[in-house]
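The values are calculated or read from the model by the stated rules, or taken from the named source; none is laboratory data. From a predicted model like this one, the values you see are computed outputs, not experimental measurements. For neighbour counting, all protein chains shown are included, and Cβ atoms are generated from backbone atoms with ideal geometry for every residue, glycine included. All accessible areas refer to the heavy atoms of the entire protein, side chains included, with ligands and DNA or RNA removed. Shrake-Rupley method; radii C 1.70, N 1.55, O 1.52, S 1.80 Å.
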Amino acid sequence: AAQVNDSGKNSICAQLTNDIDLNNVEWTPIGKSSSYSYKGTFDGQGYEIKSLKIDSTSSNQALFGYVNGGTVKNLTVSGFVKGGSSTAGIIGELAGTSLVEKCMNKATVNGGNAVGGIAGKINTRDEKSIQCCVNEGTIIGANQVGGIVGYAYYKVTVDQCYNRGAIEATVSKAGGIVGHMDDSGAKFSNCYTTEKVNGSDSNPVVGKKSSGSITNCYYLDTLGKDSDPNVTPKTSDELKALAATLGDAFTTAPAGINDGYPIFRWQIPTYDVTFTVDPADAKVTINGQTGTHSGSNWTFALPDGEYDYTVSAFGYGAKSGKITVKGGAVHEPVKLTAVEKRTVTFNIAPADTNAKVTVTWNGKTIDAESDGTYKLPDGEYTYTVKAKGYAKVSDTLTVSKDAAVSVTLTRSSTWNGETKTPP
């Protein structure tokens, strides 16, 4: 804050390497006004700034007062913020080509006009984006009060956000997601809200929409009826099942978390689950999760829970099992056992076609032996036989013993799409 406000280093960047407790010492925002706007990148790396305290009547009150062309991400803020216009938990006023992502406000916020959980006021015509953010704090203001954004005065894209804090406008225009949309470039999508909204000219999702667009946004049906026809009420059970509809950033909440409502993947702690496999080219699948493969190790980032896994490799018997993740990393060595292989011979007629045989197993092409035969474990395979001037032959093959497969090629009556010689 001092580097930006006092030394003029408004493009300085920072990363949190641990939680910070501000101990309720009075805070002067980073970028205390438009003349000292923050333009750098601040990466919270998933940590929290706790006990933020601001008690002011001035504008641009939040952890960051005025951000113009900067990035704030991966950050949680808790505490108490009181200010004038453009007041919020994370950013008082957002301008320039800026990005805010994966931020959470848990602070109680009380301000004048343009008051929000994530951003109070959106300014300037530049492209701005707020994505994958959540408000859990109580947000109170006079006018234009929103869980994510108070006043979208200019262009902004808000996508995949949700509000779980109570919202109140003492005068008018309060909404669970946005208090007032007032620009054709203001776009809100894939959001939901569950908490009560109070105030004149207020609605569960959008307090007032003068212009802009809102799509695929939802609210709990017990909150009343939103006047915007583009937002949809849902029962509690319907809303809890909505994660896939809201986008990839969301996931279904684990038991006991977020009252069962959709939650961001980044909110759930994950732990490295590493499989060391033998042979090294074995493949690990685990509940549809995506892992990384390096050498003989497969690594998955998984939250607490029980998972089913399968390790498979060509020529080896597959192994399946369960692992349990509970608050820490897991290492699972798996050694597969080689299985007996059968000799499979392909007899192609006519014999002088120089036919090419391709055998695949689970999408993997199997190499032939030096004599042209195949050594295959018991199982299901697909083979294809191609020869210039002949129709392609494809079929499945079940191997349970040594076998000879006879394939008779026929002259092609249509162009095969590959050769340049007409059939």
Of the residues Tyr47, Tyr38, which single one is within 17 Å of Lys106 (Cβ to Cβ) and among the aromatic types (Phe, Trp, Tyr)? Tyr47
Checked Gly65, Gly89, Gly69 against criteria (closer than 19 Å to Ser11 by Cβ, modelled with pLDDT of 95 or more and within 25 Å of the chain's Cα centre (by Cα)); the one match is Gly69
Show the residue pairs meeting these rules: Cβ distance below 9 Å; 6+ apart or different chains; first residue within segment 268-290 and at positive phi and among the polar types (S, T, N, Q); second residue open to solvent by 70 Å² or more (accessible area, probe 1.4 Å) and modelled with pLDDT of 90 or more. Asn287/Asp308
May I ask you to list the residues in segment 180-214 that are out of contact with any Asp or Glu (no Cβ under 7 Å at 6 or more places or on another chain) and on the phi > 0 side of the Ramachandran plot? Asp201
All conditions in (1) closer than 24 Å to Asn18 by Cβ; (2) within 23 Å of the chain's Cα centre (by Cα); (3) open to solvent by less than 10 Å² (accessible area, probe 1.4 Å) are true of Met104 except (3)
From the list Lys401, Lys356, Lys341, Lys364, which residue is open to solvent by 70 Å² or more (accessible area, probe 1.4 Å), within 30 Å of Phe275 (Cα to Cα), touching a residue at least 24 places away in the same chain (Cβ under 8 Å) and in contact with a strand residue (DSSP E or B) (Cβ under 7 Å, 6 or more places away or on another chain)? Lys341
Under the condition of being of a type in the set (A, V, I, L, M) and open to solvent by 10 Å² or more (accessible area, probe 1.4 Å), which residue from segment 129-166 is farthest from Phe250 (Cα to Cα)? Ala142
If you go through segment 235-255 one residue at a time, do you hit one that is over 27 Å from Leu75 (Cβ atoms) and among the polar types (S, T, N, Q)? yes
Which pairs turn up if I take residues in segment 378-395 that are within 11 Å of Val357 (Cβ to Cβ) and look for partners that are among the small types (Gly, Ala, Ser) with beta carbon separation below 8 Å, at least 6 apart in sequence or on another chain? Tyr383/Ser394; Thr384/Ser394; Val385/Ala355; Val385/Ser394; Lys386/Ala355; Ala387/Ala355
